[in-house]
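Notes to accompany the following structure.
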Amino acid sequence: MTGQQQQITVPQFVGFKREGHKICVVTAYDYPTAELVDAAGVDAILVGDSLAMAVQGHANTLPVSLDEMIYHAEMVGRAVRHALVVVDMPFPSYHLGPYKAVENAGRILKETRCHAVKLEGGADQADVIRALVMAGIPVMAHCGLRPQSVHALGGYKVQRNETQLMADARAAEEAGAFAMVLECIPAQLATKITAAVGIPTIGIGAGAGTDGQVLVINDLLGITSGYVPRFVKAYADLKTTITTAVGKYCADVRAGAFPGPEQTFK
Ligand code: KIV
């Protein structure tokens, strides 16, 4: 990846499906992480409301506020040169009707440098998706497991209602969504939905048959504390790397080995 690459646009992102280009998405919540994952060549960065869990240490995604999402998304948007940046609309910033949703999504686009919003829903949120798209705000839908509905669902469970999921996916596309996340659904069903819609599907816990994949950066880098879902693959063990490095620093300070002559002004 060179610094010369052009910013990926929403139409280009949609075109990846036609071209058979497998789409790589990760989350990021701050400037240095966004800069690194952008340089690594991801196609899109999601400022997910998972920041409530990954950054703020909450038990679910419900507590994060719109102002907090904007605070983090602004850092990410400022760092990114290449990837498309999508920002989650937090609960309940789009549940009070299309007018309020446009107002809140408008704030996200105006106050960050990001390009699109994501919201959880399909058929039930079609009116909101349509209103946002009419306002010129690109929308990524999120079907299957919807973490913002964790209490109604009774936990984070694989979603298997084919009729409902297919209807959600079709409704999201029909309302104008440019892509959709498919979370925690059987692989065969995700493949079927992917074939049935003309917009890219981005899977998480949805098998290999979707147009792309998304992972939470903490999971990918191995710094998640506590429960790690089965669909996660850690590509590094930064938890060990970080605790080992900080342990060595403490040992050096206590032994009088840091700072040494190289770190000291004469
Ligand atoms: O908030 C988030 O990080 C997400 C992804 C897991 C898709 O919605």
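Taking Cα atoms, how many degrees apart are the long axis of helix 187-196 and the longest axis of the chain, rounded to 10 and kept between 0 and 90?
With rounding to tens, the tilt is 60 degrees.
Picking from Gly136, Val80, His115, whose Cα lies most toward the positive end of the charge dipole for region 76-143 (charges on Cβ: Lys, Arg +1; Asp, Glu -1)?
Of the candidates, Val80 comes out farthest on the positive side.
Using Cα-Cα distances under 8 Å and only pairs 6 or more residues apart, what relative contact order does region 129-266 have, in percent?
Over region 129-266, the number comes to 16 percent.
Order these peptides, 103-113, 53-63, by their mean beta-carbon neighbour count within 10 angstrom, highest first.
103-113, 53-63
Straight distance only, please: which aspartates and glutamates reach the Cα of Lys239 with their own Cα at less than 12 Å, same-chain residues fewer than 8 apart left out?
Asp219
So for region 10-235: antiparallel DSSP bridges make up what percent, rounded to the nearest 5?
5
Can you give me the angle between helix 238-255 and the longest principal axis of the chain, using Cα atoms only, in degrees from 0 to 90, rounded to the nearest 10?
On a 0 to 90 degree scale, this one is about 20.
Can you tell me the dipole magnitude for the chain around its Cα centre, using point charges on the Cβ only (Lys, Arg +1; Asp, Glu -1), in Debye to the nearest 20?
With Lys and Arg at +1 and Asp and Glu at -1, about 340 debye.
Taking the 0 to 90 degree range and rounding to the nearest ten, how far is the long axis of helix 66-79 tilted relative to the main principal axis of the chain, both from C-alpha atoms?
Helix 66-79 sits roughly 70 degrees off the main axis of the chain.
Straight-line reach from Lys110: which lysines fall under 29 Å, measuring Cα to Cα and dropping same-chain residues less than 8 apart?
Those lysines meeting the cut-off are Lys17, Lys100, Lys118.
Give the calculated FRET efficiency between Lys248 and Arg81 to the nearest 0.05, with a Förster radius of 35 Å applied to their Cβ-Cβ distance.
Once rounded, the FRET efficiency stands at 0.55.
Do the sum for the chain: with -39,500 (n - 2.57) for every DSSP H run of n ≥ 4, divided by all residues, what is the mean residue ellipticity at 222 nm, to the nearest 500 deg cm²/dmol?
Helix contribution divided over all residues of the chain: -12500 deg cm²/dmol.
Taking 8 Å as the Cα distance limit and 6 or more residues as the minimum spacing, I'd like the relative contact order of the chain as a percentage.
Relative contact order comes out at 15 percent.
How do the peptides 184-196, 231-243 rank, highest first, by the average count of neighbouring beta carbon atoms within 10 Å per residue?
184-196, 231-243
Each residue of region 89-97 in turn: what ³J(HN,Hα) in whole Hz from Karplus with 6.51, -1.76, 1.60 and θ = phi - 60°, glycine and Pro shown as x?
7, x, 5, x, 6, 10, 8, 9, x
Of the peptides 163-175, 39-51, how do they stack up when ordered by the mean number of other Cβ atoms within 10 Å, highest first?
39-51, 163-175
Considering the chain as a Gaussian network with a 10 Å cut-off on Cα pairs, which listed residue, Val197, Val102, Val150, attains the greatest mean-square fluctuation?
Among Val197, Val102, Val150, the largest GNM mean-square fluctuation belongs to Val150.
Only the coordinates and a few stated rules stand behind these numbers; no lab work does. Predicted model, so just to flag it, every value in this text is computed and none were measured. Neighbour counts are summed over all protein chains in view; Cβ atoms, including those assigned to glycine, are modelled from backbone coordinates with ideal geometry.
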